[in-house]
Each structure stands twice: as structure tokens, then as C-alpha cells.
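Written out below as C-alpha cells is the structure these notes cover.
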Amino acid sequence: GGSNVLMGDPTSTNGGQGGQVWMSGINGYLQSTTANEYFGWRLALSNNNTVFVGAPNNATGGANAGRVYLSNYGGTGYQSNIQTISPPTPTANDQFGFAVASAGNRVVIGAPGHDSAGPNAGAVFVYQKIRGVWQLAAKLVAPDPGGGYDAFGYSLAMVNNTVVIGAPNDDSDANPLS
């Protein structure tokens with residue numbers, strides 16, 4: 001196990017306008033200068049040195065379109081914003097970055113308000129690190145979004161190549177275990 005803690009404070013205006021992430025061990029901060037983007041809403045750590053910071057209310061591309069910021073993190077410091085991941089098609093209220101999880105050279109990013117499979121049906125975007133850059137590898141949508149409003153991608157967990165995706169508003173009557 002590790003000895004450091006990362007803590008998001010998405011409503012903080014301490015030193016920034018749109019949230020911050022506190023890092024123990026170095027007592028450092030990553031801060032947003034974009035008002036109300038909820039920087040630090042969700043966090044993920046990859047390979048013990050890359051921090052993914054969800055900012056689901058970022059307004060680049062539309063109100064609450066969302067964005068994810070990447071920073072290197074180590075025991076002696078951090079390098080802020082080594083890469084920014086924006087949704088492939090930024091759209092208002094998608095909330096890209098509402099959930100973030102990673103394992104190895106992959107990261108999954110939830111956008112529970114994404115509308116491609118129906119209104120607010122949600123989507124999860126899979127990124128892979130290729131030659132040092134995180135690139136879009138796949139887009140996942142609910143297998144049965146019905147009329148929408150599933151919020152697929154509301155929560156995420158990832159271990160190795162297995163991804164668990166939450167869709168709290170799913171109203172499917174199908175039993176996936178039968």
C-alpha cells in the first residue's frame with residue numbers, strides 16, 4: 001500500500017476558482033482557475049504517478065460538458081496539467097469526468113448525461129496510453145438504454161481489464177443473471 005492521500009475539493013475557491021486536489025506527502029495542491037468546473041469531483045491514480053482529475057462541470061463545448069485533467073504525481077512534487085482530455089464531442093450537460101477509474105495504461109471516464117443512446121442515457125469513454133499520450137480507444141453505452149435517463153457511467157471501478165459501470169437510473173426489467 002501507499003502512504004500518500006489525494007483528496008478532491010471540487011467546490012473550493014482557495015487559490016483557484018473551480019476546485020482543488022490536495023496531495024499529502026508533499027502537502028501540495030492542484031488547482032483550477034476555471035470557475036465552477038468542479039475540479040476534483042472524482043480522482044483516479046494510474047501506475048502510482050498519474051492523477052486523473054474529473055471536472056464534470058467544465059463548460060468548454062457547452063455548460064457542464066466536462067473535462068478530465070492529468071498530472072504527474074510523485075513523492076517530491078507534481079507537474080500540473082500534463083494533458084487535458086476533453087470529450088470527443090463536447091455537449092452541454094454530458095458531465096464527462098463525473099466518474100473516473102484507471103488501471104495500468106487505461107482509464108475509463110463516465111459521462112452520465114451523454115445523449116447518443118437516448119436522453120441522459122450516459123456513456124463511458126475508454127482511453128489508452130499510446131506513446132505517452134492518452135488516446136480514445138472505445139466508447140461504451142448501455143446495452144439496453146430503453147428510453148434513456150439511465151445515467152450509464154455515473155460510477156466506475158476498474159481492476160486490470162475489468163470495468164464495473166454504474167447506471168443508477170436503469171429501468172430495464174431484464175435479469176442479466178438468468
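The values are calculated or read from the model by the stated rules, or taken from the named source; none is laboratory data. It should be emphasised that the depicted structure is a prediction, and the values quoted were computed from it without experimental measurement. Here Cβ is always computed from backbone atoms with ideal geometry, including for glycine, and neighbour counts include all displayed protein chains. We work out accessible area using only protein heavy atoms, side chains counted, and drop any ligands, DNA or RNA first. Shrake-Rupley method; radii C 1.70, N 1.55, O 1.52, S 1.80 Å.
What the table below lists for this structure:
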item	result
In the range 133-178, residue most open to solvent (accessible area, probe 1.4 Å) [restricted to those that are modelled with pLDDT under 90 and of a type in the set (Gly, Ala, Ser)]	178
Count of residues meeting criterion [at positive phi and either in a strand (DSSP E or B) or surrounded by fewer than 16 Cβ atoms within 10 Å (Cβ to Cβ) (or both)] in the range 88-132	4
Hits in the range 37-67 (condition: among the polar types (S, T, N, Q) and open to solvent by less than 10 Å² (accessible area, probe 1.4 Å))	46, 50, 58
Checklist (1) over 18 Å from residue 154 (Cβ atoms); (2) touching a Lys or Arg at 6+ places or on another chain (Cβ under 7 Å); (3) of a type outside the set (Asp, Glu); (4) buried (at least 20 other Cβ atoms within 10 Å of the Cβ) applied to residue 70, failing item	(2)
Subset of the range 19-38 [touching a residue at least 24 places away in the same chain (Cβ under 8 Å), farther than 11 Å from residue 71 by Cβ and among the hydrophobic types (A, V, I, L, M, F, W, C)]	26
Selected residue (criterion: nearest to residue 153 (Cα to Cα)) from residues of the range 73-85 that are β-branched (Val, Ile, Thr) and at pLDDT 75 or above	85
